[in-house]
1. Any idea which of (1) over 30 Å from GLU479 (Cα atoms); (2) in a loop (DSSP other than H, G, I, E, B) is the one THR304 doesn't satisfy?
2. Is it true that some residue in the stretch 352-365 is surrounded by 13 or more Cβ atoms within 10 Å (Cβ to Cβ), acidic (Asp, Glu) and more than 44 Å from the chain's Cα centre (by Cα)?
3. If a residue must be aliphatic (A, V, I, L, M), part of a loop (DSSP other than H, G, I, E, B) and crowded, with 19+ Cβ neighbours inside 10 Å, how many such residues does the stretch 384-434 contain?
4. Give THR368, THR377 a once-over and let me know the one that is assigned by TED's automatic domain parsing to the domain that holds PHE305 and touching a helix residue (DSSP H, G or I) at 6+ places or on another chain (Cβ under 8 Å).
5. Identify, please: which residue in the stretch 162-183 is within 51 Å of the chain's Cα centre (by Cα) and in a loop (DSSP other than H, G, I, E, B) and is, among those, surrounded by the most Cβ atoms within 10 Å (Cβ to Cβ)?
6. I'd like the full set of residues that are among the hydrophobic types (A, V, I, L, M, F, W, C) and surrounded by fewer than 15 Cβ atoms within 10 Å (Cβ to Cβ), limited to the stretch 184-194.
7. Yes or no: GLU406 outside the structural domain of ASP300 (by TED's automatic domain parsing) and farther than 30 Å from SER291 by Cβ?
8. Taking interchain pairs and intrachain pairs at least six residues apart, which have beta carbon atoms under 7 angstrom, with the first residue in the stretch 116-127 and under 17 Å from ILE447 (Cβ atoms) and touching a residue at least 12 places away in the same chain (Cβ under 8 Å) and the second basic (Lys, Arg) and assigned to a strand (DSSP E or B)?
Amino acid sequence: MRKINFTIILALVVSMFIGAVSYASDDLYRERIPRVIFEQPESIPEARAGETFNLTIKYVNDSEHSAYDMRFTPDFENVPLVYERPVVFEREKSLRARNSAEVSFSFKVKDDAKIGVYGLKFKLEYANLRNENYSREETIYFKVVEEKVKPIMLVNNISTGESVISADSNFQLSFDVANAGEITAENVELKLTGLTGDAFMVVNSNDYRYLGNMESGVTKHVAFDMYASENIKKGLNTLTAEIKYNDTTGNEYTVEKTIYILDVKSDNESSEDDGGTKPKIIISSYSTSPSSIVAGKPFDFTFTFKNTSTDKKLRNMKITLSAADGAFIITKGSNTFYIEELGVEEEMVKSIELKSKQDLTSNSYPITLDFDYEDFTGKEYTASETINIPVTEYSKLVINSVYAGEAYLGSNTSLSFDYINMGKATISNLTASVEGDYTSVQSINYIGNLTAGSSDYYDIEVTPTKSGANYGTLVLAFEDSSGQIIEERKEFEGFAMEMTIPDDPGIVEPGLEPVTPVVETEEPIETWIIVVSGIGAFLVTFFLTKVITTKIVRKRLEDEI
């Protein structure tokens with residue numbers, strides 16, 4: 001009996017010891033996973049093409065376990081940013097539970113960055129107390145608010161020297177090439193075209209010039225020694241300067257600029273088709289207001305035309321404006337202008353209000369200007385010029401309804417809304433924010449893209465700022481197909497209640513039960529301490545059991561005697 005009782009007790013003690021060691025071991029090696037997240041800035045950071053973009057990010061450890069050896073790596077895919085230094089950053093050795101810190105970056109926005117909202121992804125890497133590694137991905141949104149004008153190459157100050165150009169003679173042709181854009185033009189090449197044996201030829205050199213890189217505002221002077229053929233036609237002759245170049249991101253461009261050489265002296269009369277003595281009308285410049293034309297919207301079209309003749313005045317000029325397939329219609333007045341007289345080398349400006357068709361897709365559409373005129377001898381002439389006008393597709397986002405749920409003052413609630421793209425083009429980089437008596441948990445809520453004719457539903461977390469009625473405005477911002485930022489707004493109303501605390505401390509309002517914080521033990525208990533403690537507990541239990549068992553056995557023996 002004594003052996004059986006002692007064996008049972010010993011087995012119980014051993015089982016308790018093994019369980020205690022096992023539980024302590026499980027608690028020691030249980031994963032303690034930190035969680036580091038980014039907080040979206042209160043307002044979306046703004047950047048400008050071609051400039052430095054400084055970004056400061058607040059990050060938070062919202063777990064109960066410290067994070068160590070944190071690294072932040074930005075991903076430049078699909079964003080117009082570059083960084084010349086290594087892109088792996090180790091900013092802090094540790095971040096304790098429930099603490100926050102900031103990290104700053106300095107990027108370069110690409111020169112050809114388009115206006116819009118972009119999501120910059122970061123890979124976050126960190127370890128826990130036991131040096132176990134974890135990673136996650138976070139995204140910070142920023143907005144490019146200003147583009148740089150691409151390189152625009154102009155040909156100015158054309159000169160043929162002081163002497164009159166005559167057939168079978170040499171002269172010098174010179175002009176300036178200027179970059180009127182905001183981005184550097186790289187590897188600029190210029191070539192004269194339209195050279196023939198019966199007109200102009202280059203003397204003692206070739207028709208090519210390499211101008212290298214030209215920064216914004218830079219002008220370079222170019223000169224060619226030329227020969228006017230004995231067969232050249234009298235009057236107006238032309239050459240073309242073909243300019244090829246790249247921008248700083250490698251995009252290639254080719255432009256052609258017409259060089260007008262007036263009043264060439266020659267005995268070779270030209271037919272009117274050759275343009276020799278014919279007084280020629282050209283469009284020297286044009287503009288639209290606004291500069292970005294949206295399908296279905298009116299705009300002012302202004303053009304400047306010039307009589308290039310050096311010896312003939314023009315009269316009774318009629319200008320007729322037309323557009324293919326009715327792409328543009330007249331909203332005010334007539335499509336015909338009458339000019340009583342246009343002097344030698346005189347310019348004149350005309351303007352007309354037009355409206356583009358609402359169903360036009362993003363593209364360039366031609367406007368044709370037909371000129372009918374005569375000189376003062378009564379000889380009649382005609383000319384025609386075509387100008388391509390870029391149009392952006394019509395975009396229209398409609399917010400159908402907005403609903404804000406009731407909430408306690410200072411607590412979050414859902415702001416629900418649905419919307420539909422009633423335009424003709426895809427809406428890009430749609431974001432949501434709020435103004436007024438509500439604040440958004442995230443200042444900018446990125447939604448994404450929405451194709452034409454599609455609708456969707458979305459929720460964002462908002463917080464009322466006062467008790468009673470709260471009034472706010474939902475702001476949905478998006479890019480149209482030209483990259484222009486458009487905003488749609490809709491007002492909404494909600495209600496917030498004061499949070500009351502019951503008088504009876506024994507009664508706790510549902511949902512407001514106190515939460516006991518979990519405190520992380522930074523230094524784990526060493527395994528040898530657990531083992532030694534277990535052995536000590538076993539020995540004490542063993543001797544106590546032995547003493548108690550001995551007393552029980554002696555008592556029974558005495559009772560039997």
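The values are calculated or read from the model by the stated rules, or taken from the named source; none is laboratory data. Only a predicted model underlies this, so the values are computations on that prediction, with no experimental measurement involved. Ideal geometry is used to build each Cβ from the backbone, glycine not excepted, and the neighbour counts take in all protein chains shown.
1. Unmet condition: (2).
2. No, the stretch 352-365 contains no residue that is surrounded by 13 or more Cβ atoms within 10 Å (Cβ to Cβ), acidic (Asp, Glu) and more than 44 Å from the chain's Cα centre (by Cα).
3. Going through the stretch 384-434 one residue at a time, the tally reaches 1.
4. On inspection, the qualifying residue turns out to be THR368.
5. Taking the candidates together, the pick is ILE183.
6. Within the stretch 184-194, no residue meets the criteria.
7. On the way: outside the structural domain of ASP300 (by TED's automatic domain parsing): yes; farther than 30 Å from SER291 by Cβ: yes.
Yes; evaluated as a whole, the condition is true for this residue.
8. So the pair list comes out as VAL117/LYS143.
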